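**Q** Below is a structure I'd like to ask you about.
The values are calculated or read from the model by the stated rules, or taken from the named source; none is laboratory data. Given the structure is predicted, the values throughout are model-derived calculations rather than measurements. Counting neighbours? That spans all protein chains shown, and the Cβs are built from the backbone with ideal geometry, glycine included. To get the accessible areas, we keep the full protein, side chains included, count just its heavy atoms, and leave off ligands, DNA and RNA. Shrake-Rupley method; radii C 1.70, N 1.55, O 1.52, S 1.80 Å.
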Amino acid sequence: MSIRVGIAGVSGYGGGELLRLCTGHPEFDVVYAAGETSAGQKLVERFPGISAKLAELVIQKWDPDRLPTLDMLFASLPTGQSKSALANVAKGMKIVDVGGDHRYVAGWVYGLADVWPQKIRSATRVANPGCYPSAALTAIAPLVSAGLVQKGQIIIDAKTGVSGAGRGGVDAKFGFAELNEDVSAYGLLKHPHVPEIEATLNQLSGAGGASAVFTAHLIPMTRGILATCYLPGKATTTQCLEAARKFYAGRAFVRVVDQPPHTKWATGSNLVFVSYASAGDGTIIALGAIDNLGKGAAGQAVQNANLMCGLAETVGLEGVPIWP
């Protein structure tokens, strides 16, 4: 099988990671790459280490009305730039939107691949979850589904590496001198990931009224997210671990571990590490660690594409994390 693949937004961090994964995918044939500032360049000019097979492929200016025949299109565009553009793409072309424009939009499936793969297999339009929700919701989902989380507010405290800001967002405040030896919070009380977190919690619980407080922090590392989630509930650590192991039994990319996870365990991979801590006194701590460009973006996008194309979801994603 040869699946013709295109990547819009190839020159960004997420698009570049998609290119890396698709290049090594045994069933994907990258025949189209698009960008804005990189249009007209050959891939080898933007990615000097690209394979010889793709080195001469010219990056096109992104235009949804001038797409070649594709089986799968990955759209790795800034939030706000894909909604109208992707509406013009032929219905027969499968799309994974890595950006934020189609999360919980009618006609699109929210692609939380490790939690509800069955919803994705029959979809032609999938909205990749945000990077922070990918870490937090994967840790929270087993407990909500098992009824271990009581009604009340969920608090999510998460830290990310600077690549989460995107390549297009690089300016003085993301430079080494600004970021080094510094931690800062951002998006307080208005972060765009909150609605998708609450909507997913409502789906998992089968009830409405989910409430989440989310605080994002930028820390001086390149990749990774650690989400520390505080949940109302009296389940013990053992009960939480048992619920997660049962929920994710047979799932290839979720690792339920006894000790607090490290972001570096997932670097360069599509893995997510989850763990729990609770004394049974009313507060459960759920932790999720991922690579924000892997499970948080390109890795999960390829996992979703595999499901949509009828492939084993692990195809092209079985590489182990980079260590050290």
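**Q** Only one residue in 248, 230 is buried (at least 17 other Cβ atoms within 10 Å of the Cβ) and among the aromatic types (Phe, Trp, Tyr), so which one is that? First the steps, then the outcome.
**A** On the way: 230 fails: buried (at least 17 other Cβ atoms within 10 Å of the Cβ).
Only one candidate qualifies: 248.
**Q** Can you find, within the stretch 185-207, the residue that is least open to solvent (accessible area, probe 1.4 Å) among those that are aliphatic (A, V, I, L, M) and farther than 17 Å from residue 164 by Cβ? Let's see the steps before the verdict.
**A** Here is the first cut: in the stretch 185-207, the residues aliphatic (A, V, I, L, M) are 185, 188-189, 194, 197, 199, 201, 204, 207.
From the residues that got through so far, the ones that are farther than 17 Å from residue 164 by Cβ too are 189, 199, 201, 204, 207.
On the way: 189: 170, 199: 27, 201: 7, 204: 28, 207: 51 Å².
Restricting to residues being aliphatic (A, V, I, L, M) and farther than 17 Å from residue 164 by Cβ, the top hit is 201.
**Q** Could you figure out which of (1) within 30 Å of residue 5 (Cβ to Cβ); (2) β-branched (Val, Ile, Thr); (3) open to solvent by 50 Å² or more (accessible area, probe 1.4 Å) isn't true of residue 283?
**A** For residue 283, the exception is condition (1).
**Q** Hey, another quick one. Looking at (1) over 19 Å from residue 191 (Cα atoms); (2) part of a loop (DSSP other than H, G, I, E, B); (3) more than 15 Å from the chain's Cα centre (by Cα), which is the only condition residue 81 fails?
**A** (1)
**Q** Based on what the data block shows, is residue 210 surrounded by 14 or more Cβ atoms within 10 Å (Cβ to Cβ), more than 17 Å from the chain's Cα centre (by Cα), within 26 Å of residue 105 (Cα to Cα) and free of Cβ contacts under 8 Å to residues at least 60 places away in the same chain? Quick ask: steps written out before the conclusion?
**A** Values: surrounded by 14 or more Cβ atoms within 10 Å (Cβ to Cβ): yes; more than 17 Å from the chain's Cα centre (by Cα): yes; within 26 Å of residue 105 (Cα to Cα): yes; free of Cβ contacts under 8 Å to residues at least 60 places away in the same chain: yes.
For residue 210, the condition - surrounded by 14 or more Cβ atoms within 10 Å (Cβ to Cβ), more than 17 Å from the chain's Cα centre (by Cα), within 26 Å of residue 105 (Cα to Cα) and free of Cβ contacts under 8 Å to residues at least 60 places away in the same chain - is met.
**Q** Output the residues belonging to the stretch 280-324 that are charged (D, E, K, R) and part of a helix (DSSP H, G or I). Please lay out each step first, then the result.
**A** Of the stretch 280-324, the ones charged (D, E, K, R) are 281, 291, 295, 313, 318.
295 - this is the single residue of the stretch 280-324 that is charged (D, E, K, R) and part of a helix (DSSP H, G or I).
**Q** Now a separate question. Evaluate the following for residue 242: is it at pLDDT 95 or above, charged (D, E, K, R), open to solvent by 10 Å² or more (accessible area, probe 1.4 Å) and within 30 Å of residue 74 (Cα to Cα)? Outline the logic, then answer.
**A** Numbers: at pLDDT 95 or above: yes; charged (D, E, K, R): yes; open to solvent by 10 Å² or more (accessible area, probe 1.4 Å): yes; within 30 Å of residue 74 (Cα to Cα): no.
No; evaluated as a whole, the condition is false for this residue.
**Q** All but one of (1) modelled with pLDDT under 95; (2) out of contact with any Lys or Arg (no Cβ under 6 Å at 6 or more places or on another chain); (3) open to solvent by less than 40 Å² (accessible area, probe 1.4 Å) hold for residue 37; state the number of the condition that does not hold.
**A** Single failed check for residue 37: (3).
**Q** Related question: Name the one entry in 133, 129 that is open to solvent by less than 10 Å² (accessible area, probe 1.4 Å), within 19 Å of residue 204 (Cβ to Cβ) and touching a Gly at 6+ places or on another chain (Cβ under 8 Å). Steps first, please.
**A** Details: 133 fails: touching a Gly at 6+ places or on another chain (Cβ under 8 Å).
Sole residue among the options that is open to solvent by less than 10 Å² (accessible area, probe 1.4 Å), within 19 Å of residue 204 (Cβ to Cβ) and touching a Gly at 6+ places or on another chain (Cβ under 8 Å): 129.
**Q** Would you point out which residue out of 70, 54 is open to solvent by less than 50 Å² (accessible area, probe 1.4 Å), out of contact with any Cys (no Cβ under 8 Å at 6 or more places or on another chain), within 20 Å of residue 98 (Cα to Cα) and assigned to a loop (DSSP other than H, G, I, E, B)?
**A** 70
**Q** Would you be able to say whether some residue in the stretch 181-192 is among the aliphatic types (A, V, I, L, M) and touching a helix residue (DSSP H, G or I) at 6+ places or on another chain (Cβ under 7 Å)?
**A** Filtering the stretch 181-192 for residues among the aliphatic types (A, V, I, L, M) gives 183, 185, 188-189.
From the residues that got through so far, the ones that are touching a helix residue (DSSP H, G or I) at 6+ places or on another chain (Cβ under 7 Å) too are none.
No; the residues of the stretch 181-192 include none that is among the aliphatic types (A, V, I, L, M) and touching a helix residue (DSSP H, G or I) at 6+ places or on another chain (Cβ under 7 Å).
**Q** Scan the stretch 136-170 for residues that are free of Cβ contacts under 8 Å to residues at least 60 places away in the same chain and in contact with a Gly (Cβ under 7 Å, 6 or more places away or on another chain) and report the count. Before the answer, list the steps.
**A** At the first step, the residues of the stretch 136-170 found to be free of Cβ contacts under 8 Å to residues at least 60 places away in the same chain are 147, 165, 169-170.
Pick out the ones that are also in contact with a Gly (Cβ under 7 Å, 6 or more places away or on another chain) and you get none.
Of the residues in the stretch 136-170, 0 are free of Cβ contacts under 8 Å to residues at least 60 places away in the same chain and in contact with a Gly (Cβ under 7 Å, 6 or more places away or on another chain).
**Q** Any residue in the stretch 251-279 that is acidic (Asp, Glu) sitting within a Cβ distance under 6 Å of a residue that is buried (at least 22 other Cβ atoms within 10 Å of the Cβ) and not in a loop (DSSP other than H, G, I, E, B)? List the pairs, counting only those 6 or more apart or interchain.
**A** Once the first residue is acidic (Asp, Glu) and sits in the stretch 251-279, no partner that is buried (at least 22 other Cβ atoms within 10 Å of the Cβ) and not in a loop (DSSP other than H, G, I, E, B) comes close enough.
**Q** Could you tell me which residue of the stretch 90-104 is farthest from residue 17 (Cα to Cα), considering only residues that are of a type in the set (A, V, I, L, M) and out of contact with any Asp or Glu (no Cβ under 9 Å at 6 or more places or on another chain)? Working first, answer last.
**A** In the first step, residues of the stretch 90-104 are kept if they are of a type in the set (A, V, I, L, M); the result is 90, 93, 95-96, 98.
From what is left, the residues that are out of contact with any Asp or Glu (no Cβ under 9 Å at 6 or more places or on another chain) are 90, 95-96, 98.
Numbers: 90: 25, 95: 17, 96: 14, 98: 12 Å.
Looking at the filtered set, the residue picked out is 90.
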